[in-house]
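Enquirer: Supplied in structure tokens, the structure appears directly below.
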Amino acid sequence: MSAITMHILTLDFMKIKNGTPFLVLLMLSSCLIGGEKGWVNLFNGKDLSGWENPYDWGEASVVDGMIELVGNKKFFLSSKKEYTNFEFTAEVKLPKGKANSGFLFRSQRKPNGQMFGYQAEVDGAERRWSGGLYDEGRRGWIQPIKPVDDPRNAKTWTEEKRNALKRNDWNKYRIKCVGEKLQVWVNGINTLDISDDLDSRGYIGLQHHGEKGQVYRFRNIKIKELK
């Protein structure tokens, strides 16, 4: 609670002779506190409430307050709810060795459950394209673009962006979608800021890339829906 809020509450309590205005004061203090207002935990740290695996393969479990994904084929753990305009944050840790992951957002589903659409890349390879935009199951790389040495990447994909990911540590992703504007941050570094109008609404997805025996971990998953 802020010092301003405490001062207001102290003054009001001095004026109040009975308890009838107490609810009003609580509402006032709640409005002044701010901070985390509007944010909702998409993962409660205990179970997979609000999530589902639409694939016939892959396993998801909760271990020590983290979501762990294992599988022998690529799959996504999907939110049950679709989102339109929002700000999303989560932390991901790649396994050692060959690994690749990502966060689907505003993603779609085929009748067989397969997911496709916008993906904020979590790239464990030497090219270091984490925070780039990949259109899963559709157009492929949007930014950066293949091949790696395409001269256009020199302007859009700076060394700061390439070094945003901490390969063997936890990494915080932030994704913001408002209308056609799509933005991504990796550990506070803005890696993507473009406009694309292909999808305006869809699911959130956590990716396991399909490497046998690899465990992908996620935690602190939150979302704030925007008007």
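The values are calculated or read from the model by the stated rules, or taken from the named source; none is laboratory data. Treat the numbers as computed from the prediction; the structure is a model and nothing was measured. All Cβ positions, even for glycine, are placed from backbone atoms using ideal geometry, and neighbour counts span all protein chains on display.
Enquirer: Based on this model, can you work out whether Met115 counts as of a type in the set (A, V, I, L, M, F, W, C) and in contact with a Gly (Cβ under 6 Å, 6 or more places away or on another chain)?
Expert: Values: of a type in the set (A, V, I, L, M, F, W, C): yes; in contact with a Gly (Cβ under 6 Å, 6 or more places away or on another chain): yes.
Spelling it out, Met115 is indeed of a type in the set (A, V, I, L, M, F, W, C) and in contact with a Gly (Cβ under 6 Å, 6 or more places away or on another chain).
Enquirer: Now for a separate question. Out of the residues in the range 125-158 that are assigned to a strand (DSSP E or B) and among the aromatic types (Phe, Trp, Tyr), which is nearest to Gln183 (Cα to Cα)? Steps first, answer last, please.
Expert: Within the range 125-158, the subset assigned to a strand (DSSP E or B) is 133-136, 140-143.
The next check asks that each one be among the aromatic types (Phe, Trp, Tyr); those that pass are 134, 141.
Working: Tyr134: 13, Trp141: 15 Å.
Among those residues, the one meeting the criterion is Tyr134.
Enquirer: Let me ask you something else. Looking at the range 213-224, is at least one residue farther than 22 Å from Pro54 by Cβ, over 17 Å from the mean Cα position of the chain (by Cα) and in a strand (DSSP E or B)?
Expert: No: the range 213-224 contains no residue that is farther than 22 Å from Pro54 by Cβ, over 17 Å from the mean Cα position of the chain (by Cα) and in a strand (DSSP E or B).
Enquirer: Within the range 135-145, identify whether any single residue is touching a residue at least 60 places away in the same chain (Cβ under 8 Å), crowded, with 19+ Cβ neighbours inside 10 Å, more than 13 Å from Gly102 (Cβ to Cβ) and touching a Ser or Thr at 6+ places or on another chain (Cβ under 8 Å), and answer yes or no.
Expert: The answer is no; no qualifying residue exists.
Enquirer: Quick test of your reading of the structure: Pro21 fulfils all but one of (1) in the same structural domain as Lys212 (by TED's automatic domain parsing); (2) modelled with pLDDT under 95; (3) not β-branched (Val, Ile, Thr). Name the failing condition by number.
Expert: Tallying (1) in the same structural domain as Lys212 (by TED's automatic domain parsing); (2) modelled with pLDDT under 95; (3) not β-branched (Val, Ile, Thr), Pro21 fails exactly one: (1).
Enquirer: Scan the strands (runs of 3 or more DSSP E) fully inside the range 159-204 and keep the ones with 1 or more residues being farther than 26 Å from Lys80 by Cβ, hydroxyl-bearing (Ser, Thr, Tyr) and modelled with pLDDT of 95 or more.
Expert: Numbers: elements: 171-178, 181-186, 189-195.
Output list reads 189-195.
Enquirer: Could you tell me which of the residues Trp157, Trp141, Trp129, Trp170 is touching a helix residue (DSSP H, G or I) at 6+ places or on another chain (Cβ under 8 Å), aromatic (Phe, Trp, Tyr) and assigned by TED's automatic domain parsing to the domain that holds Val70?
Expert: Numbers: Trp157 fails: touching a helix residue (DSSP H, G or I) at 6+ places or on another chain (Cβ under 8 Å); Trp141 fails: touching a helix residue (DSSP H, G or I) at 6+ places or on another chain (Cβ under 8 Å); Trp170 fails: touching a helix residue (DSSP H, G or I) at 6+ places or on another chain (Cβ under 8 Å).
The match here is Trp129.
Enquirer: For the range 107-129, give me each residue that is closer than 26 Å to Glu160 by Cβ and either within 18 Å of the chain's Cα centre (by Cα) or among the aliphatic types (A, V, I, L, M) (or both).
Expert: The initial filter retains those residues of the range 107-129 that are closer than 26 Å to Glu160 by Cβ, namely 118-129.
Correct list: Tyr118, Gln119, Ala120, Glu121, Val122, Asp123, Gly124, Ala125, Trp129.
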